[in-house]
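Only the coordinates and a few stated rules stand behind these numbers; no lab work does. No experiment lies behind these values; they were computed from the predicted model shown. FYI the Cβ positions are ideal-geometry reconstructions off the backbone, even for glycines, and counts take in every protein chain you see.
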Amino acid sequence: MSKLNVTQKLIKSHLIKGEMTPGKEIGIKIDQALLQDATGTLVQLELEAMGLDRAKTEVAVQYVDHNLLQTDFKNADDHAFLLSASQKFGIWYSRPGNGVSHPVHMERFGKPGKTMVGSDSHTPSAGSLGMLAIGTGGLDVAAAIAGQPYFVKMPQVMGVKLTGKMPDWVSAKDVILEMLRRYDVKGGVGKVIEYYGEGLKELSAMDRHVIANMGAELGATTTVFPSDEETKKYLRSQEREEDWTELLPDEGCTYDLEDEIILDDLVPLIALPTSPGNVVPVSEVAGKEIGQVVIGSSANPGVRDFWVAGAIVDGKATREEVSFDINPTSRQVIQNLIANKGFEKLIAAGARFHQSGCMGCIGMGQAPASGTISLRTMPRNFPSRSGTEDDQVHLCSPETAAASALTGKITDPRDLEKLYGMKYPRYEYPEKELINTMMLVAPPEDTSHVELKKGPNIKTLPTIEPLMDSYDVPVLLKMGDNISTDEILRAGAEVLPFRSNLPEISKFSYSVIDDSFYERAQQAKKDFGGHIVVAKDNYAQGSSREHAALAPKYLGQVAVIANSYARIAWQNLVNFGIIPLDFIDINDYDKIEQGDVVSFTNLTEDIRNRNNIRVRVQKAEKGADPVEFEVKHSLSDRQIQILLKGGIINEFKEKLSNKDVNAVDENTVTSENEQNQIK
């Protein structure tokens, strides 16, 4: 491995445990941590439970960008708690309304050559700057903040070569939609996607952010770009040129897998309901009437993305039947849009401006009308994620969105030339952007005096019991492929305010799939002591929210049996003491049904010794004979120990009693060594 690609350089310079062999577990040193409020309250409570005095990472930032609507006391109380916890644990705090975590982090904190974990699945957005940034469950982030390595299976590195030039009316969103068209929502599982080639010159740093952000929708561990002159140009515009480090692949390096995108061949693309992987050319669905357009989110966060929409609608009125919503991604973006007249053009055309934050992306307002198509520049269109049960959310570029807002129908933006005689507007990036840091709160030097502010909606996490040797539990749900975390525990204005109140948020578990689940789980917990669920491929794709594991665990979930899992969800299950079991023979999926009762015996020994685990199924059908089959697990030795203890919280409590919870592995690489190895 003498000639390294960028991903290998980043991992090698931070490697603490393991070897860089795909599929083997590795432990890496973490430089930065990102928290957002929908998951951050749990992380902060976990830090409290650990007895942490101060964050051990170089930088940790708590963003408030998800739960901004203050319809009662809950969100406001949580904001006060998060500020107090950030002050107590030495963490930066981005105030409500300052902006979406990923673009703000890129503006102010991201640095080439650094590693980061974040309690948000779109944390890989920072790969746009030449970082190794991985989204993961909150417990993993808490551990990293406490100074522990981050463990992950060494991914394969897929090199995607970009060649050619970007056509008019095509932008970065179409690049990542092309990847989703090719690979769907699980084609990136177990992989880092690394982009290289001459075509990179066509992509600004913020264009790269668009692509890196939605690498999460491929199921990829993360996305990586080199740190080159475009990166330097971006950091200079943010008055942070001193943070730039060149980080390029070695000439002659190789990749585990390879693909190529010829930019000249790209056309405007759109993802149809209800999956980001359901991608077709816009021209195939043009003409369908729409009811809403939303521009913004972490998937299209740059000044350019809003400016180009403003240039398209300049001097025109959007259709009266279309709600034209603008989700600015940061206060700094708003200021720059005011300066370059983009704000004025959008407002004059009928845009509705919302506060800086995730908002409609996670169903926090801006729900579309029933039975209508909503075009969004957002990363996800899972069922009812928007807040409307029968939503028809399509994902597209700002160009396609703005063009469609003018016509009231899905419109290929290339048609604007003949409809309006319009030439493609190209954004000229300024040498310097207006900088706004007013709503970033630095942690104090002395945190000993800070008291946590806990409102009535913040509940202490319950104790999770260690794994038992045998269970007889019912199958409460049998699901299919690509079940998302939004279906396991949905987002939205009704649910997310309970993110720090486990008894209340658990009532929404699997409600998108079966609204009787909570009552049935309560009864199963009383009668059997718990339950399991069954699924096919890519179980729990989507967000990093650990509530999708913690809430079912609170309701007694013992195990999930599936053919495969999304990476973050698989680790979250282990972290909270739920056994992620794999079908050995997928045909066994047909042998088990909802309502059957499953028996496990000799469980702890079989898990510890990596034996196949025998499943005995007592059929719900009257008179049916029991059936048996075997399942397995693919956990590391470290994960086995966590699982047997009932989850990572119990492991940390044990470390806390031994007073070594803040100890970093003795083989941790120093920052100086990191930089030497990167160079």
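Using DSSP to call loops (not H, G, I, E or B), can you name the GluC sites (Glu not before Pro) in the stretch 580-627 whose Cβ has at most 11 other Cβ atoms within 10 angstrom?
Passing sites in the stretch 580-627 are 621.
What is the sum of charges, Lys and Arg at +1 and Asp and Glu at -1, for the other residues whose Cβ falls under 10 Å from the Cβ of residue 157? The partial results should precede the final answer.
Values: positive: 191; negative: 194, 256, 258.
Spelling it out: positives minus negatives among the neighbours equals -2.
Run the dipole for the stretch 471-657 about the Cα centre, Lys and Arg Cβ at +1, Asp and Glu Cβ at -1, nothing else charged, and hand back the magnitude in debye, nearest 20. Write down the numbers at each step before the final one.
Details: 23 positive and 27 negative charges, 132 e Å.
So the magnitude is around 640 debye.
Can you check what the net charge comes to around residue 102, using other residues whose Cβ is under 13 Å from the Cβ of residue 102 (Lys, Arg +1; Asp, Glu -1)?
Once all neighbours under 13 Å are counted, the net charge is -1.
When Lys and Arg each count +1 and Asp and Glu each count -1, what net charge do the other residues less than 11 Å away from residue 396, Cβ to Cβ, add up to?
Computed value for this residue: -1.
If I fit a long axis through the Cα atoms of helix 517-528 and take the longest principal axis of the Cα atoms of the chain, what angle between them do I get, 0 to 90°, rounded to 10?
Compared with the principal axis, the helix lies near 20 degrees.
By count of other Cβ within 10 Å, fewest leading, how are 526, 17 ordered?
526, 17
Under the 0.36 nm per residue contour assumption, what length would be gained going from the current alpha-carbon distance of residue 460 and residue 347 to full extension? Walk me through the numbers on the way to the answer.
On the way: separation 113, 0.36 × 113 = 40.68 nm, distance 4.48 nm.
Between residue 460 and residue 347, full extension yields an extra 36.2 nm.
Let me have the relative contact order for the stretch 6-263, percent, based on Cα pairs under 8 Å that are six or more residues apart.
Contact order relative to length: 23 percent.
Can you give the helix-only mean residue ellipticity at 222 nm for the chain, where every DSSP H stretch with n ≥ 4 adds -39500 (n - 2.57) and the sum goes over all residues, rounded to the nearest 500 deg cm²/dmol?
Value at 222 nm, helices only, nearest 500: -8000 deg cm²/dmol.
Below 8 Å between Cα atoms, with a sequence gap of 6+, how large is the relative contact order for the chain in percent?
Reported relative contact order: 15 percent.
So for the stretch 277-420, averaging the separation of alpha carbon pairs under 8 Å that are six or more residues apart and normalising by length, what relative contact order in percent results?
Relative CO of the stretch 277-420 lands at 33 percent.
In the chain, if the dipole is taken from +1 on Lys/Arg beta carbons and -1 on Asp/Glu beta carbons about the Cα centre, which of 559, 267, 442 is farthest to the positive end?
442
How many nm separate the modelled label positions at residue 604 and residue 258, each set 7 Å beyond the Cα in the direction of the Cβ?
Distance between the two pseudo-spin positions: 5.2 nm.
Just going by the charge dipole of the chain, with Lys and Arg at +1 and Asp and Glu at -1 on Cβ, which of 80, 338, 66 is farthest out on the positive end?
It is 80.
Taking the alpha-carbon centroid of each part, what is the distance from the stretch 213-272 to the stretch 39-93 in angstrom?
Between the Cα centres of the stretch 213-272 and the stretch 39-93 lies a distance of 31 Å.
Taking the Cα centre of the chain as origin, work out the dipole magnitude from +1 charges on Lys and Arg Cβ and -1 charges on Asp and Glu Cβ, in debye rounded to 20.
For the chain, the charge dipole is close to 720 debye.
Return the loop-located trypsin sites (Lys or Arg not before Pro) in the stretch 83-165 (DSSP other than H, G, I, E, B) with at most 16 other Cβ atoms within 10 Å of their own Cβ; answer none if there are none.
Those satisfying the criteria are 165.
I'd like the trypsin sites (Lys or Arg not before Pro) in the stretch 373-424 restricted to DSSP loop residues with at most 11 other Cβ atoms within 10 Å, sorted by number.
Numbers: sites: 376, 380, 385, 409, 414, 418, 423; in loops: 380, 385, 423.
Passing sites in the stretch 373-424 are 423.
Are any of the pairs 88/653; 161/288; 191/553 more than 23 Å apart by Cα-Cα distance, and if so, which?
Flagged as over cut-off: 161/288; 191/553.
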